[in-house]
Amino acid sequence: MDIEALKQTAQAMVAPGKGILAMDESHPTCAKRFEKLGIPTTEEKRREYRNMLLTAEGIENYIAAAILFDETIRDNMLSGVSFPEHLKNLGIVPGIKVDAGAKPLAGHAGETVTEGLDGLRDRLAEYYELGARFAKWRAVYNISDSTPSQAANMANAHGLARYAALCQEANIVPIVEPEVLINGDHSIQRSFEATQSAQQLVFDQLREQDVVMEGIVLKPSMVTSGLDAADKAGVQEVAERTIECLLSTVPAEVPGIAFLSGGQTDEEASAHLSAMNSLGKDLPWNVTFSYGRALQQAAMTTWNGSPDNVDAARKVAAHRARMNGLASLGQYSEELEKEAA
C-alpha cells in the first residue's frame, strides 16, 4: 500500500472549487433515463452521451474526478482515446463503481445490503491497470418508523469497511457512500438521527479494518426533510444540520466530503452545498459534490440523442459544473442561474 499516493489522490479528488462527476449509471438506470426521452438504449448512444459530457468546454476547471461504469472504463471516446486516458489528459482522476448493487437484507423487510465483495480484490487489480485510481461503493438506508435497523446499519458499515480496505490494498482510494434515502415523509430531525447513526457505525468499522482515513473520500447524503414531508426544512437549516452531523461523525483526517444529490433538484443541490460552505465554520475537510443527475439531467435532456444538440448540451453541462464548483466555495446564487438562463 502506497499511503502517500492514496493521500495525494484523495486530496486531488476534492480540490478546492472542484467536485466529482458521477457518471457510473448501470445499464438499467441509463436505459430508464434514455427511454423517458426517447433515446435508443444502445452502447453507441451511451458512448456518444458520455463523450458529450467529457468534451464540455472547461469542465476540468470544476470537475476533479469522474466515476465510470465498467463499460465506460473499457471504452473509447469518439476520438479513439480511452475514457480513462481522456480524463487523465484533462487532469481529472478516473474512478470506477465496483459494488454489485443493493440486495434485500435477509430477515429485514424493506432493507438492503450492498453486495460485490466476492472477487473484488482481483477486479480492483484489473481496474487499476485500466487506469482507475479510486472506486465507489454505495450502501443504501431507508427511513421509516422501524428503519434503518441496527442490523442493516451494521451489515452495510461492515461491507463498506471491507471494500475500503481492499481498495487501499490495491492503491485505489475508496469513496465511502452511505446513502440515507430522501424518500418518505420524515422530518429533518429523523433524517439527522438516521444519518448520524449510519455514519458513526461506518467510521467505527473503517477503524476496525485499519482503513487509512487520509486516503478515503466520504460521499454522504445531506440531512434534509423527506420528499413528502409536510413541513420541509429550508436551505439554511439543511446546511446547519448537515454540518452538525458531519462534525459529530467524520474524523478530521478525512480530506473531503463529496455529497450526493439524492433526488434533489439541480438548484436545490447547488444551494444546499453553497450554504454549507457559507456558514463561516472552520471545517477540517473540504466540502464539495459528487453529483450524478444534478450535473447531468439537464444536459441529457438538451442533447436528447441528437448530434445536432451536442454543442448546446455541452454548454448546459459546463454551466451545471460551474454552478456546483462555485457552490463548493460558497459562491453560488440564484442570480447566477438567472444570468445563464
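The values are calculated or read from the model by the stated rules, or taken from the named source; none is laboratory data. Keep in mind that what you see is a predicted model, and the values were worked out from it rather than measured. For neighbour counting, all protein chains shown are included, and Cβ atoms are generated from backbone atoms with ideal geometry for every residue, glycine included.
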| request: Using the structure shown, decide if E177 is acidic (D, E), crowded, with 17+ Cβ neighbours inside 10 Å and modelled with pLDDT of 95 or more. | output: yes
| query | Which of the residues that make up the range 250-266 are surrounded by fewer than 20 Cβ atoms within 10 Å (Cβ to Cβ) and either touching a Phe, Trp or Tyr at 6+ places or on another chain (Cβ under 8 Å) or at pLDDT 95 or above (or both)? | reply | P251, A252, E253
| remark: Just one listed residue, out of L160, L124, is closer than 21 Å to A258 by Cα and either hydroxyl-bearing (S, T, Y) or in a helix (DSSP H, G or I) (or both), and it is L160
| Here is a list of conditions, (1) over 18 Å from the mean Cα position of the chain (by Cα); (2) buried (at least 19 other Cβ atoms within 10 Å of the Cβ), and G80 meets all of them except one; can you say which number that is? | (2)
| message | For a quick check of your reading of the model, give me the residue pairs whose first member lies in the range 31-60 and is on the phi > 0 side of the Ramachandran plot, whose second is in a helix (DSSP H, G or I), with beta-carbon atoms closer than 7 Å and at least 6 apart or on different chains. | response | G58/A318
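Among what's in the range 137-162 and is of a type in the set (V, I, T) and touching a residue at least 40 places away in the same chain (Cβ under 8 Å), pick the residue that is surrounded by the fewest Cβ atoms within 10 Å (Cβ to Cβ). Working first, answer last.
Initially, the range 137-162 is screened for residues of a type in the set (V, I, T), giving 140, 143, 147.
Next, only the ones that are touching a residue at least 40 places away in the same chain (Cβ under 8 Å) stay: 140, 143.
Details: V140: 18, I143: 21.
If we take residues in the range 137-162 being of a type in the set (V, I, T) and touching a residue at least 40 places away in the same chain (Cβ under 8 Å), then V140 is surrounded by the fewest Cβ atoms within 10 Å (Cβ to Cβ).
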| task | Go through the range 252-282 residue by residue and tally those that are over 25 Å from V140 (Cβ atoms) and in a loop (DSSP other than H, G, I, E, B). | result | 8
| field | Extreme residue, farthest from the chain's Cα centre (by Cα), among residues of the range 291-310 that are within 12 Å of I39 (Cα to Cα) and of a type in the set (A, V, I, L, M, F, W, C) | value | W303
| query | Taking helices (runs of 4 or more DSSP H) that do not extend beyond the range 1-115, which have at least 2 residues that are under 27 Å from A139 (Cβ atoms), of a type outside the set (S, T, N, Q) and out of contact with any helix residue (DSSP H, G or I) (no Cβ under 9 Å at 6 or more places or on another chain)? | reply | 3-13, 27-37
| query | Just wondering, is there one or more residues in the range 163-173 that are of a type in the set (F, W, Y), within 28 Å of N76 (Cα to Cα) and touching a residue at least 24 places away in the same chain (Cβ under 8 Å)? | reply | yes
| task | Give the range 122-136 a look and list any residue that's among the small types (G, A, S) and buried (at least 16 other Cβ atoms within 10 Å of the Cβ), or say none. | result | G131, A132, A135
| message | Tally up the residues in the range 283-341 that are hydroxyl-bearing (S, T, Y), assigned to a helix (DSSP H, G or I) and surrounded by 21 or more Cβ atoms within 10 Å (Cβ to Cβ), please. | response | 0
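Looking only at the range 45-86, which residues are among the small types (G, A, S) and either in contact with a strand residue (DSSP E or B) (Cβ under 8 Å, 6 or more places away or on another chain) or modelled with pLDDT under 95 (or both)?
So the first thing to find is which residues in the range 45-86 are among the small types (G, A, S), and the list is 56, 58, 64-66, 79-80, 82.
A64, A65, A66, S82 - these are the residues of the range 45-86 that are among the small types (G, A, S) and either in contact with a strand residue (DSSP E or B) (Cβ under 8 Å, 6 or more places away or on another chain) or modelled with pLDDT under 95 (or both).
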| field | Residue tally, condition buried (at least 24 other Cβ atoms within 10 Å of the Cβ), more than 21 Å from G58 (Cβ to Cβ) and free of Cβ contacts under 8 Å to residues at least 40 places away in the same chain, over the range 83-103 | value | 0
| query | When the range 193-218 is examined, which residues are found to be assigned to a loop (DSSP other than H, G, I, E, B) and either surrounded by fewer than 24 Cβ atoms within 10 Å (Cβ to Cβ) or over 16 Å from the mean Cα position of the chain (by Cα) (or both)? | reply | Q209, D210, V211, V212
| request: Could you please let me know if L160 is under 21 Å from G234 (Cβ atoms), touching a Phe, Trp or Tyr at 6+ places or on another chain (Cβ under 9 Å) and not acidic (D, E)? | output: no
